[in-house]
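Each remark here refers to the structure printed beneath this line.
Every number here is computed from the coordinates shown, using simple stated rules; none is lab data. These numbers were taken from a predicted model, which means no experiment stands behind them. Because the Cβ atoms are built from the backbone with ideal geometry, glycine has one as well, and the counts that use them run over all protein chains shown.
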Amino acid sequence: MNLAVLKAEARATAQRRQERLQKAIDENRDMTAEEEAEEAKDKASADRLQKQISRAEELMASSSAIGLTGTSDQPGQQQDGQREQTGSRSGITFVATAENAGFRNLAEFAQAVRCANPAAGQNFRVDDRLAAPGNVHMEQGDAAGSYLVPAEFRQNIINLVFDDGNDPIMDLIDPDPTASNRVVGLGDETTPWGNSGIVAAWRSEGEQMLPSRMALTPRETKLNELYAFVLATEELLEDAPRVATLLTSHAASAIRWKAADAFMYGDGIEKPLGWMNSPATIAVAKDAGQAAMSISASNIARMWARMIMPSQASWLVNSDVMPSLMGLKNDANQPVWFPNYQEAPGGTLLGRPVVFNEHSRSVGQYGDIQFVNPNGYEAFRKQNGVSFADSIHLYFDYNIRAFRWVFRIGGQPVLSKPVQPANGGSSKSHFVALAERA
């Protein structure tokens, strides 16, 4: 009995049931007769697997209580369920679970995949831990197939990409998880003071109420593939800490950067539509006679005036702009920027935090200063949708391992164009950028 295999099958069954139900919900229908039959079959399988898992865990607990626990350190000789093992080189104690498939670290998993290649000659062997159905991933692009990395190591990079906090744009735009590759929503570009959408009205006693209707527009956000393809030498794979740095931290940083940059500058073609490429963004023109590569208090004030709910917005600024911000003063010779480092590391500009980042353009270019309300951007990521695989044959003759991560991420601004204010002639938006001053 292999507890890891049982749990892998149970997760796969639960995933099929979830996707089947979500598809019916997305299409606003009941499940078809064929889907109902598949659902009944999967439900019976889930019940059976759950009973077997419960029995296996109960047996494991009973065996552990009387000291009947495996002690072998050799791959493929672990007992069912969880057990402690000691790394042969590091002496570090770890727990083998279904989430890590019994591997101590990513390097040990990579070495097991390497030896699973028949071309390894006398080193060829298939580790029992690679036999769990959840680990095997056959592909058309790789004739020999590849192995999915255990769930624990896949989750590690998900946490680094979305929770690590090393990119200010991703800290502002937090993609919502979804089970679908396409999210169909209803856009609402009406305002409380407009004549369309839901309207409130006064009435006299006994007067008939006049109904209003929601003005909703169907809109679709597609989740596109974002990948990282990394090569690592066998020498590097022998050093687990360096592997963890290269294959998780560095890959996560690259993926996080690319996703954040698309949220700002993506063209919407097989990638998110960034707000800087959206008609919803307002470009505030430079002052008459303004010098090249300069910033004025008037620029900042006019940007602030075009923002929807400026109390929710932040300034996204290239670090090249910092010297200009420090010298900004209004007509009364009062500073516009304050070095409030405790509440905002970049200080505050007209009371709102300044966020320095490497995505904003250099001083003088369009977008070197942006005023952004993150509530105006909707982003989605595939729930548990990361595919992290290690190729079984690729680059074997170069003594190099190949790793690949694939995410699905999508996003676009909530508005398709700026909206008119209740009073005044200048339109407003969630995204305002200063025009070029070349």
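Full extension of the chain segment joining Met293 with Glu38 gains 85.4 nm, where the gain is 0.36 nm per residue of separation less the Cα-Cα distance.
Would you mind checking the pairs Lys286/Lys417; Lys23/Lys43; Lys51/Lys222; Lys7/Lys41; Lys43/Lys382; Lys43/Lys222 and listing those with alpha carbons more than 28 angstrom apart?
Working: Lys286/Lys417 21 Å; Lys23/Lys43 17 Å; Lys51/Lys222 39 Å; Lys7/Lys41 17 Å; Lys43/Lys382 24 Å; Lys43/Lys222 30 Å.
Where the Cα-Cα span goes over 28 Å, the pairs concerned are Lys51/Lys222; Lys43/Lys222.
Annotation: for a label point projected 7 angstrom from Cα along Cα→Cβ of Ser212, residues of the range 179-194 with backbone N closer than 15 Å are 188-194.
Provide the gained length on full extension for the span Gln383 to Ala438, in nm with one decimal, where the gain is 0.36 nm per separating residue minus the Cα-Cα distance.
Details: separation 55, 0.36 × 55 = 19.80 nm, distance 4.36 nm.
Using 0.36 nm per residue and subtracting the Cα-Cα distance, I get 15.4 nm.
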